[in-house]
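Structure first, commentary second.
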Amino acid sequence: MTAGRYRVTVSTDGEPLIQGWWGSEATARRKFASWVGEHGSRSGARVTLVDEETGKRLTEWPDGR
């Protein structure tokens, strides 16, 4: 099974905690929002959505660095 194009990562203090890949950007954005809600209260949490095909970060939480 091939990983999807869009990767969502939850990291804490710079270390990946959870990652998932989806073929649909809309699905990945829903998962991004869900994971912000589920994991955003963790100390040092960051959630990112990356387009693996282009390498572009589409969104991140919290915004900016």
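Remark: the chain carries a charge dipole of roughly 100 debye about the Cα centre, counting +1 on each Lys and Arg Cβ and -1 on each Asp and Glu Cβ. Solvent-accessible area of the chain (1.4 angstrom probe, protein heavy atoms only): carbon and sulfur portion equals 46 percent. Seen against the Cα atoms of the chain and their longest principal axis, helix 25-39 is set at about 20 degrees. For the peptides 10-23, 35-48, residues were scored by their other Cβ atoms within 10 Å and the scores averaged per peptide; the highest-first order is 35-48, 10-23. In this structure region 23-65 gives 63 Å² per residue of accessible area when probed at 1.4 Å with all protein chains present. Residues of region 1-25 falling in the label zone of residue 52, defined by backbone nitrogen less than 18 Å from a point 7 Å along Cα to beta-carbon, are 1-11, 16-25.
The length gained by stretching the chain between residue 15 and residue 38 to full extension, at 0.36 nm per residue less their Cα-Cα distance, is 6.6 nm.
The values are calculated or read from the model by the stated rules, or taken from the named source; none is laboratory data. Fair warning: this is a prediction, and the values are worked out from it, not measured in the lab. Heads up, the Cβs are rebuilt from the backbone with ideal geometry, glycines too, and the neighbour counts pull from every protein chain shown. Just the protein is used for accessible areas: all its heavy atoms, side chains included, with ligands, DNA and RNA removed. Shrake-Rupley method; radii C 1.70, N 1.55, O 1.52, S 1.80 Å.
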